[in-house]
Structure formats: structure tokens, C-alpha cells
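Chemist: Pasting a structure below so you can have a look.
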Amino acid sequence: MTKIPQCREAEFTPRDLRACRAFTLIELLVVIAIIAVLVAIASPILATGKRAGLEAKSVSRLRDLQMANIQYAGEHNQFYVPIWDMNPSNSHAWFDNPEFEKYFVANTGSYWWGNSPENMYSPLVPLKFSQSIGSSYGINADYMNWPPAPRQMLRDVPFPARMLAFEESQDWIVTEYGAHGQYKVPEAYSGSTTAYRYNNMTNIVFFDGHVETLPQSKVAGNTTLWRGQDQ
């Protein structure tokens, strides 16, 4: 077996120096093992960081929806965006209503059901599924009256900081009845159903614009949250 010389450059030929500078097989395997351990440790951390980033983006989108809703009301006689606009010439659901969308997206005329703006979709949900129902955020259909009578912003919302405007959902509308439902994984359509995408919790934006993450126990059966009936 060839003995690897000690590295004293003045005493050896270039070939000898190449030999003494090279990794042995054992050293190479040790380095590979260390890298593998570091990757195994880092992967869950990176995955957690990515998930946290997506959750933060979802919170931001919910907040933007209600800010747009407030702006809409400011220019429509204090009426929030209707669940469904009954304009006979061009009716719209709330999420593809160009008068609502203009507050947070450009070129609103290019969107339609199945191709709504990205803001309407939770980043935690497959885009194909979200597009099939128009939005992965639902409007409170228990309180925001169906047409032709949308709720007024100031007169009809008694507890703005305690009442749900929009939330994470498996439909484009949500109801208190649907809050009792079972969240389906992988995502699947479930009418008027709350989506508990965060360890059995959901994100809710209130009428005053703040966002909270609440467990099912504080969403289902909460009449103040859904209908403004003080408990």
C-alpha cells in the first residue's frame, strides 16, 4: 500500500504533493455524512419557515379584502359589497365584482368566475381547487344579506371588532352552520364550510379590519361572530 507522504512541499515532487493534499475515502464519507445530517436538520426548519410565510400572506390577503370592502362602502352609500350583485345587465358574485376588485387589483375586466385575482385565493390551497369555487375565502352569508339588501356599514354592524366579515373557507360563502363542518384534506368543495387550515383553527377578518386565528370551538355556535347577537 502506498504511503501518503507528509506535506512538506520542499521535499516532494508535484505528484507527491497532489497525493498528500487529497481526501482519503474515509474523510470524504465523513464529510458526506455531516452534510446529510445538516440537511436533515435544516429541512423541517425550512418547511416550517415556508409554511409561516404562506400563513402570513393569507392573513394579509384577508385584511386586504376587508379594507377593500370598507373602501367599497365609502363609495356606495355605506353599503358593503353584496354577496351577489343583481344588476340585470351584468350580475356578479362578490369576488368577481369589478367595483369591489378595483380596490386591490388592476385590469378587473379580465377576471371571471374560475379566473379570479390571486388575492381571492389562500396561498395554502391548490390554485385549481380555488378557481373551481371562485375563492378560498368566504363572505359571511349569515349577516351580509342576500340581494337585494346588502348590509350597511355603520347602521347594521353593531360589533365591528367582534363580527366576521370574511374567513378561510371551502366555498365563496360561509355560514355558522358550516362552521360545524369537518375540514376536508385534501381540499374539496364543501358548501358554506369554514376551512380549519391551521391545526384546527381558521383565519377570520372582522368588520373593523383586524384578523384573528380562532379554533373551531370559538367559531361554531358563536352568534355574536356570525349575526351580531350579543351573548
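Chemist: Which of the residues belonging to segment 92-124 are of a type in the set (Ser, Thr, Tyr) and part of a loop (DSSP other than H, G, I, E, B)?
Modeler: Hits for segment 92-124 are TYR103, TYR111, SER116, TYR121, SER122.
Chemist: Would you point out the residue of segment 111-152, among those that are of a type in the set (D, E, K, R) and closer than 18 Å to MET67 by Cβ, that is farthest from the chain's Cα centre (by Cα)?
Modeler: Restricting to residues being of a type in the set (D, E, K, R) and closer than 18 Å to MET67 by Cβ, the top hit is ARG151.
Chemist: Select from segment 183-195 the residues that are touching a residue at least 24 places away in the same chain (Cβ under 8 Å), part of a loop (DSSP other than H, G, I, E, B) and either at positive phi or buried (at least 16 other Cβ atoms within 10 Å of the Cβ) (or both) and list them in ascending order.
Modeler: Within segment 183-195, GLU187, SER192, THR193, ALA195 qualify.
Chemist: Now, a different point. Determine whether VAL185 is farther than 23 Å from ASN119 by Cα and among the β-branched types (Val, Ile, Thr).
Modeler: no
Chemist: Can you tell me how many residues in segment 183-209 are out of contact with any Ser or Thr (no Cβ under 6 Å at 6 or more places or on another chain) and under 11 Å from PHE166 (Cα atoms)?
Modeler: Summing the residues that are out of contact with any Ser or Thr (no Cβ under 6 Å at 6 or more places or on another chain) and under 11 Å from PHE166 (Cα atoms) in segment 183-209 gives 5.
Chemist: Just checking, which of ALA179, ALA220 is surrounded by 22 or more Cβ atoms within 10 Å (Cβ to Cβ) and more than 16 Å from the chain's Cα centre (by Cα)?
Modeler: None of the other options fit; the residue is ALA179.
Chemist: For segment 79-91, which residues satisfy the criterion of being within 13 Å of MET144 (Cα to Cα) and assigned to a loop (DSSP other than H, G, I, E, B)?
Modeler: Scanning segment 79-91 gives TYR80, VAL81, PRO82, ILE83.
We did not get these values from a lab; they are worked out from the coordinates using the rules stated. This is a predicted model, so every value here is computed, not measured. For neighbour counting, all protein chains shown are included, and Cβ atoms are generated from backbone atoms with ideal geometry for every residue, glycine included.
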